[in-house]
Amino acid sequence: MKEYNIGIIPGDGTGGEVVAEAVKALKTLTEVGGPKCTLVYYDLGGERYLKNGELLPDSVLAELRDMDSICLGAIGHPDVKPGILEQGVLLQLRFELDLYINLRPVVLFPGVETPLKDKGPEDIDFVVVRENTEGLYTGSGGFLRKGTPHEVAIQESINTRSGVERCIRYAFDYCRKRNRKKKLTLCGKTNVLTFAFDLWERVFHECSKDYPDIEIDYAHVDATCMWMVKNPEFFDVIVTDNMFGDIITDLGAMIQGGMGVAAGGNINPEGTAMFEPIGGSAPKYTGLNKINPIAAICSVQMMLEHLNENDSAARLLDAVKKVVNNDLKSMDAGRMGYGTEEVGDLVVKYLKDE
Ligand code: IPM
Ligand code: MG
């Protein structure tokens with residue numbers, strides 16, 4: 001039986017509540033024959049920062065580097081200026097651990113309501129591979145003459161040949177392994193961002209020669225948003241840069257039933273990975289037992305898949321599908337018909353039933 005060291009970062013707001021339910025599912029899986037996990041908790045986030053100014057201490061980073069995987073709840077605190085925790089903790093983890101893939105499935109589970117008219121689970125089933133360490137997120141740029149009427153603000157999109165290529169190759173490999181429509185769509189903006197997406201497009205076409213079994217397709221980011229609403233069934237795997245990936249996956253979360261079900265993985269295919277529900281810390285629901293833990297539980301499901309614990313991953317997916325189909329009234333916080341903990345208990349019940 002395999003054993004894993006898992007770093008747990010509950011983070012801010014409702015992060016702790018949803019992570020607790022994800023951990024409950026993980027522990028239940030161990031009881032029913034799944035892998036043994038040693039959980040190591042880290043109190044990164046707003047409270048620690050407000051107390052002693054620490055964001056991501058080197059000692060914590062060094063420990064996280066050695067983890068087999070990491071589970072994150074949410075980062076973002078109402079008393080901390082926007083940007084500080086996001087950049088100092090979440091983005092710093094992505095950069096320092098070189099988690100260059102952000103894998104975000106957009107899957108509508110049976111029984112979950114989508115705002116898209118006449119679309120069902122057979123139409124909404126694709127995966128976004130978002131580049132996670134470059135683009136507009138590197139912090140490259142700066143001010144000139146700040147605070148004057150002649151102020152200049154520059155924010156540069158950094159796209160390296162190697163960074164683009166490793167992301168695109170991962171997407172091709174993922175598409176092949178997924179083995180569905182075997183279609184990879186590059187989402188860009190070649191008509192305006194004529195440097196950055198020229199590079200992306202060239203690398204995309206070069207790499208495609210190594211994947212003759214994968215159909216390739218291209219869509220501008222604005223058109224991608226349109227198709228995601230109008231014909232989501234067109235997509236199988238989408239590969240895109242950091243900023244566009246950020247934006248289209250919020251749209252993706254909505255068409256799959258909301259932030260309550262949307263999960264993602266920050267992955268270094270050669271190293272560690274960090275899994276998270278993609279919604280934020282939802283301060284207004286903190287401590288109320290109202291937030292939906294399904295996204296966090298799905299993020300653990302992705303973690304198990306990533307660790308190649310396929311039996312446990314399949315078992316957990318099955319349990320989640322039963323809960324959303326049989327029990328929950330809605331995916332939205334406060335409208336599920338159950339509290340956060342009760343939803344976790346339902347997942348546990350189905351895990352034990354099987
Ligand atoms: C996400 C979030 C982050 C991002 C924020 C919190 C920095 O929106 O994970 O999608 O922009 O990447
Ligand atoms: Mg986002």
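Each reported figure results from applying straightforward, stated rules to the coordinates on display, with no laboratory input. Being a predicted model, the structure only gives us computed values, none of them experimental. Cβ atoms come from the backbone with ideal geometry, glycine included; neighbour counts cover every protein chain shown.
Quick look at the numbers
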item: Residue order, fewest to most beta carbons within 10 Å, for Val18, Val80, Val152, Val343; result: Val152, Val80, Val343, Val18
item: Whole-Å semi-axes of the chain's equivalent ellipsoid (Cα gyration tensor); result: 30, 26, 20
item: Residue of Asn310, Asn52, Asn132 that the Gaussian network model of the chain assigns the largest fluctuation, springs spanning Cα pairs under 10 Å; result: Asn52
item: Fraction of antiparallel bridges per DSSP, the chain only, in percent to nearest 5; result: 45 percent
item: For the chain, built as a Gaussian network whose Cα springs stay under 10 Å, the top-fluctuating residue of Met226, Met302, Met254; result: Met226
item: Gain on full stretching of the segment that runs from Arg169 to Glu86 - 0.36 nm per residue minus C-alpha separation; result: 27.1 nm
item: Neighbour-count ranking [beta-carbon atoms within 10 angstrom, fewest first] of Leu91, Leu288; result: Leu288, Leu91
item: For the chain: relative contact order, % (alpha-carbon pairs under 8 angstrom, 6 or more apart); result: 24 percent
item: Computed [θ] at 222 nm, deg cm²/dmol, the chain (DSSP H ≥ 4; -39,500 (n - 2.57); rounded to nearest 500); result: -11500 deg cm²/dmol
item: Cut-off under 5 Å, modelled amide H: who pairs with Gly73 long-range; result: Ile9, Gly11
item: Candidates Asp12, Asp241, Asp213: whichever shows maximal mean-square fluctuation once the chain is modelled as a Gaussian network with Cα springs under 10 Å; result: Asp213
item: Relative contact order, percent, the stretch 114-256 [alpha-carbon distance under 8 Å, six or more residues apart]; result: 38 percent
